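**Q** Could you have a look at this structure, given as structure tokens, before my questions?
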Amino acid sequence: MIVGIGIDIVVIARFAGMMERRPSMVERLFTERESRLPSGDLRGPASLAARFAAKEAIAKALGAPAGMAWHDCEILVDESGRPRVETQGTVASVAERLGIERWHLSLTHDGDNAVAQAIGEA
């Protein structure tokens with residue numbers, strides 16, 4: 001049963017500009033595992049923008065409660081390259097309260113935008 005669904009879009013150039021102006025933003029929004037990208041990877045800002053959109057989509061699927069910590073939701077990839085969600089702390093607590101046992105996540109970035117959709121399933 002679907003418990004929650006969320007979607008978010010991020011303008012990549014705007015997101016990249018914020019990262020340039022505020023380098024500490026990357027550490028505030030992303031875990032070390034999320035922010036590790038191959039050096040020189042031109043998709044870096046697009047990948048991070050998609051991960052940020054995913055965190056926003058997950059928050060929306062949870063009803064966007066106050067007090068959730070960015071690092072309590074990690075957007076990683078499995079061996080095949082499929083995105084996956086790992087939660088802990090504040091995010092895991094809200095998901096558990098809502099009965100969410102599994103996340104479905106889709107990310108894309110093309111042209112100027114990065115988009116993510118998240119579905120929480122009981």
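Read-outs throughout are calculated quantities, based only on the coordinates presented, and are distinct from any laboratory measurement. None of the values given here were measured: they were computed from a predicted structure. Cβ atoms come from the backbone with ideal geometry, glycine included; neighbour counts cover every protein chain shown.
**Q** Which of I100, I75, I58 ends up with the largest GNM mean-square fluctuation for the chain, with Cα atoms connected below 10 Å?
**A** I100
**Q** Provide W103, W70 in ascending order of the number of other Cβ atoms located within 10 Å of each residue's Cβ, fewest first.
**A** Numbers: W103 21, W70 17.
Starting with the residue having the fewest Cβ neighbours, the order is W70, W103.
**Q** Moving on to the next point. What list of ³J(HN,Hα) couplings, whole Hz, do you get for region 9-26 from phi and the Karplus terms 6.51, -1.76, 1.60, once you set θ to phi - 60° and write x for glycine and proline?
**A** 10, 10, 7, 4, 4, 5, 5, 4, x, 5, 5, 5, 6, 10, x, 5, 4, 4
**Q** On C-alpha positions alone, give me the angle between the axis of helix 89-98 and the longest principal axis of the chain, in degrees, nearest 10.
**A** 40
**Q** Using θ = phi - 60° and the Karplus relation 6.51 cos²θ - 1.76 cosθ + 1.60, list the HN-Hα couplings for region 64-81 in order, rounded to whole Hz, with x at every Gly or Pro.
**A** Those phi angles translate into 6, x, 5, x, 6, 9, 4, 6, 7, 9, 10, 10, 10, 10, 7, 4, 8, x Hz.
**Q** Quick one: plug the Kirkwood hydrodynamic radius of the chain (C-alpha pairs) into Stokes-Einstein at 10 °C, 1.306 mPa s, and report D in µm²/s. The partial results should precede the final answer.
**A** Values: Rh = 14.5 Å.
The diffusion coefficient I find is 110 µm²/s.
**Q** Where does the chain land at 222 nm, in deg cm²/dmol rounded to the nearest 500, when only DSSP H runs of n ≥ 4 count, each adding -39500 (n - 2.57), divided by all residues?
**A** Working: 5 runs with 48 residues, N = 122.
Calculated mean residue ellipticity at 222 nm is -11500 deg cm²/dmol.
**Q** Which of A66, A50, A95 moves the most in a Gaussian network model of the chain with Cα springs under 10 Å?
**A** The residue with the greatest mean-square fluctuation here is A66.
**Q** Right, here's the next one. Please list the non-local residues whose amide H lies under 5 Å from the amide H of N113, H modeled 1.01 Å from N, same-chain partners needing a gap of 5 or more.
**A** The answer is I12.
**Q** Moving on. Hey, with R₀ at 22 Å, roughly what FRET efficiency would M18 and R97 work out to, going by the Cβ-Cβ distance, to 0.05? Intermediate values should be presented prior to the final figure.
**A** Values: r = 32 Å, r/R0 = 1.44.
Efficiency, rounded to the nearest 0.05: 0.10.
**Q** How high is the relative contact order of the chain, in percent, with contacts defined as C-alpha pairs under 8 Å that are six or more residues apart?
**A** Numbers: 223 pairs, mean separation 48.0, N = 122.
Dividing the mean separation by the residue count of the chain yields 39 percent.
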